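The values are calculated or read from the model by the stated rules, or taken from the named source; none is laboratory data. As the structure is a computational prediction, the values presented were derived from the model and not from experiment. Cβ placement follows ideal geometry from the backbone for every residue including glycine, while neighbour counts extend to all protein chains displayed.
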Amino acid sequence: MSHNLQFYIDGAWVDPVAPRVIDVINPATEAPFTQIAIGTAADVDRAVAAARRAFESFSQTTRGERLALLKRIQEVYAKRYNDLAEAIRLEMGAPVTLATKSQAAIGAGHIAQIIKVLEEFEFDEMRGGTLITREPIGVVGMITPWNWPMNQITCKVCPALAAGCTMVLKPSEIAPIDAVIFAEIMHEAGVPKGVFNMVQGMGADVGAAISAHPDIDMVSFTGSTRAGVLISKAASETVKKVHLELGGKSPNILLDDADIANAVASGVVDVMQNTGQSCNAPTRMFVPRQFRDSAIAAAKTAADAITVGDPASPDIYMGPVISDLQFNKIQDMIQSGIDEGATLVAGGTGRPPGLNVGYYVRPTVFADVTPEMRIAREEIFGPVLSMMFYDTEEDAVRMANDTVYGLAGYIQSGSHERAQKVARRLRAGTIYINNPKGDLNAPFGGYKQSGNGREWGVWGLEEFLEIKGVVGYGQ
């Protein structure tokens, strides 16, 4: 039985208080492939009440009990792995290889990582005669995005469970089916009733109700900076904790001792992954000016080699963007780059040749981009790279930091010691040197308008904990 038209509240699938539905669009076909119910503040009230009741007992569970629960979730997730990958392919147009090997995989990775963290985490410590203890923060409202849906659901839900919190999840209404499957996973794994609740809906209704709800102790949000500001304002009335993982405009600095051709090519490919819809994508590439011509040639070759098409094909690297709204926004940004005088190296406006249906965007590279251009300053969230040229390392660092964002930074260099020094000068939450393997135990989050707080690994667990001092405990 499909649960797409229901919500998961207090351990059961329930109908919405007021029946309303919206279509879920397959961006590869521009046609609906299913519908979901969308909720109201009344549905949020029911979910929060269930979470509040459950917190009294779940907050007192032992580490062993929560570990056993997470391991059951891990087992059921593995059983439903292919269902999750297929849902992500359909709802967001992710190429089947990406959906299977990255999108669904990172969710499994976060579950495994938080199990390791919980096994070793010290909740209590003595400092003199005072006990410092870490306790669950309470009921958490979670608002997650569409671009890496299982990444963001698992890296919020699982650490919150590990901490002993209860929760209400509002997934993206644009890509919501993977969240339905995840709720089914939670149910099959035997999560105690009321501990995990899910209400589908729009940000202006369900998201706003979660942000302002007096019985929610914390809101964890991933999405746009604009929405993060609104959530912070709504949450301020009840002085709840707000954790935000927001936008980015991440720099990729190629130092003059790097293998420029390879660094440019890998930088282009990294931007185009997930059709450019990653908040930490290295969308500003800084190249030493003396390598301008060879770098442009390498970028064009790499961009022209990107395969775009039907996400069902295992040979496709890039599928469509998520929606007509996103497609039109990206087209406007590409046109602004042309109008403002950047050099169009590859791609451009319109769909790729032969793709007349679907929200497909051409893999686009601009060169000679200057800092005041919109494509250099605004988050595009599409397959668009801006190449900027610099004269000195000092110039590169200055331009890289000249942004309101600070989510990630990338450095390519033939000298690891030199790259380390530059990494310390970049104002961003995560720095990647020479295309390292991903690390799910590294903190993920941003400086400045990229948000506050951190996710992943031990830092993800700590976000959901309060610190209590018990003075005289050891006397």
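One residue stands out among those in the range 381-397 that are in contact with a Leu (Cβ under 9 Å, 6 or more places away or on another chain) and not charged (D, E, K, R): the one that is surrounded by the fewest Cβ atoms within 10 Å (Cβ to Cβ), which is V397. Could you tell me whether the range 44-58 includes any residue that is more than 24 Å from the chain's Cα centre (by Cα), in contact (Cβ under 8 Å) with a residue 40 or more places away in the chain and within 28 Å of D310 (Cα to Cα)? No.
State yes or no: is T34 closer than 16 Å to L161 by Cα and either modelled with pLDDT under 95 or not in a helix (DSSP H, G or I) (or both)? Judged against the criteria, T34 is not a match.
Check whether at least one residue in the range 50-68 is part of a loop (DSSP other than H, G, I, E, B), under 30 Å from F123 (Cβ atoms) and among the small types (G, A, S), and report yes or no. Within the range 50-68, one or more residues are part of a loop (DSSP other than H, G, I, E, B), under 30 Å from F123 (Cβ atoms) and among the small types (G, A, S). Please verify whether the range 115-137 includes one or more residues that are closer than 19 Å to I210 by Cα and touching a residue at least 24 places away in the same chain (Cβ under 8 Å). Yes, the conditions are met somewhere in the range 115-137. Take P311 and decide whether it is free of Cβ contacts under 8 Å to residues at least 12 places away in the same chain, assigned to a loop (DSSP other than H, G, I, E, B) and of a type outside the set (G, A, S). Spelling it out, it is not the case that P311 is free of Cβ contacts under 8 Å to residues at least 12 places away in the same chain, assigned to a loop (DSSP other than H, G, I, E, B) and of a type outside the set (G, A, S). Among residues that are surrounded by 17 or more Cβ atoms within 10 Å (Cβ to Cβ) and under 22 Å from A28 (Cα atoms), L118 is not included.
Quick one: which of L90, L118, L131 is under 21 Å from the mean Cα position of the chain (by Cα) and not assigned by TED's automatic domain parsing to the domain that holds Q273? Unique residue meeting the criteria: L90. Remark: pairs (first residue in the range 275-294, closer than 15 Å to V264 by Cβ; second residue of a type in the set (F, W, Y) and surrounded by fewer than 24 Cβ atoms within 10 Å (Cβ to Cβ); Cβ separation under 7 Å; 6+ apart in sequence or on different chains) = F286/Y390; V287/F389; P288/Y390; R289/F389; R289/Y390; R292/F389.
Scanning the range 13-33 for residues that are aliphatic (A, V, I, L, M) and more than 21 Å from D83 (Cα to Cα) turns up V14, V17, A18, V21, I22. Of the strands (runs of 3 or more DSSP E) that lie entirely inside the range 362-455, those containing 2 or more residues that are assigned by TED's automatic domain parsing to the domain that holds P320 and within 22 Å of the chain's Cα centre (by Cα) span 384-390, 408-412, 430-433. For A342, all conditions in the list (1) of a type in the set (G, A, S); (2) touching a strand residue (DSSP E or B) at 6+ places or on another chain (Cβ under 6 Å); (3) buried (at least 24 other Cβ atoms within 10 Å of the Cβ) hold save one; what is the number of the exception? Exception for A342: condition (3). In the set (1) under 29 Å from G319 (Cα atoms); (2) at pLDDT 95 or above; (3) of a type outside the set (S, T, Y), R425 fails one condition alone, (1). Going through (1) touching a Ser or Thr at 6+ places or on another chain (Cβ under 6 Å); (2) more than 21 Å from G451 (Cα to Cα); (3) of a type in the set (G, A, S) one by one, A234 falls short only on (2). Only a single item in (1) part of a loop (DSSP other than H, G, I, E, B); (2) touching a helix residue (DSSP H, G or I) at 6+ places or on another chain (Cβ under 6 Å); (3) surrounded by fewer than 23 Cβ atoms within 10 Å (Cβ to Cβ) is not met by V321, and it is number (3). Just checking, does the range 266-283 include any residue being more than 25 Å from the chain's Cα centre (by Cα), more than 18 Å from G348 (Cα to Cα) and surrounded by 23 or more Cβ atoms within 10 Å (Cβ to Cβ)? Looking through the range 266-283, none of the residues is more than 25 Å from the chain's Cα centre (by Cα), more than 18 Å from G348 (Cα to Cα) and surrounded by 23 or more Cβ atoms within 10 Å (Cβ to Cβ).
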